[in-house]
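The numbers here are math on the coordinates, done by the rules we state, and not lab data. Source: prediction; values computed, not measured. Virtual Cβ from ideal backbone geometry, glycine too; neighbours counted across all protein chains shown.
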Amino acid sequence: MVELAPSILSCDFSKLQENLEQTKDTPLKMLHIDVMDGLFVPNISFGFKIIEDIRDKNDYFFDTHLMIVDPIRYIERFAKAGADRLTIHYESCENPLEVIKKIKELGLEAGITLKPKTQVDQILPLLREVDAVLVMSVEPGFGGQSFIEESIDKVRAFRSYIDQNDLSCKVEIDGGIKTTNVIKVIEAGCDEIVSGSDIFSNKDIKGQIEKYYKIFADKTV
Ligand code: DX5
Ligand code: ZN
């Protein structure tokens, strides 16, 4: 079953919980939480406090995407704040495997992600160590950008490596996903779909989430 992970980056932060209430009573199981430090990417989003504050009010799997330099410094803090999965950037640290091990030692799921210009081959050996690989289909840093078509080839490459080696790693995609292009990424082999602006910029947040799940079930728009 394909799962949706709405990115809270596209919420109206002045009424964050109000936006999140509108995701309730849908088949939704995950939220995507984008943390940016202004160094790894040219934008600053939010940190621990927001995660802590929404943790108790929202019984979702917190899929946390760390766009920060040297994430190992803050793994424990994000675990404590209530993250369920920590996904780190391959480009953000010297030794991604060390960070992945630390995340797993704390009992969290670990994910690895790569910028659009980073090649798939460098990531493949890590796939047996992680719970998910996140394909960035836009340059990390901002919501609302256009989908980079070449990302489809990366999804296919990860999918076939995972299947050939019988690994349990999920394939997730993030950036520029809409109800109108989601089918092609599912057909390429995605298990988890991040979508930000297409969900939270819509007046009918709940209806939009239901629309995605209907597409997942019917495989048509
Ligand atoms: C970008 C973030 C994305 C972003 C997706 O750095 O990782 O999760 O919020 O937003 P949309 O779906 O609007 O491209
Ligand atoms: Zn993200």
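The table below lists the values:
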{"item": "Residues that are more than 8 Å from ligand 1 (Cβ to nearest atom) and either touching a residue at least 40 places away in the same chain (Cβ under 8 Å) or not in a helix (DSSP H, G or I) (or both), drawn from segment 9-20", "result": "C11, D12, Q17, N19"}
{"item": "Search result, residues across segment 88-100 that are of a type outside the set (F, W, Y) and either in contact with a helix residue (DSSP H, G or I) (Cβ under 9 Å, 6 or more places away or on another chain) or loosely packed, with under 15 Cβ neighbours inside 10 Å (or both)", "result": "I88, H89, S92, C93, E94, N95, P96, L97, E98, V99, I100"}
{"item": "Among (1) away from ligand 1 (no atom under 12 Å from the Cβ); (2) farther than 16 Å from S201 by Cβ; (3) in a loop (DSSP other than H, G, I, E, B) - the single one T23 does not satisfy", "result": "(2)"}
{"item": "Residue that is farthest from G207 (Cα to Cα) [pool: residues in segment 1-20 that are away from ligand 2 (no atom under 14 Å from the Cβ) and crowded, with 19+ Cβ neighbours inside 10 Å]", "result": "E3"}
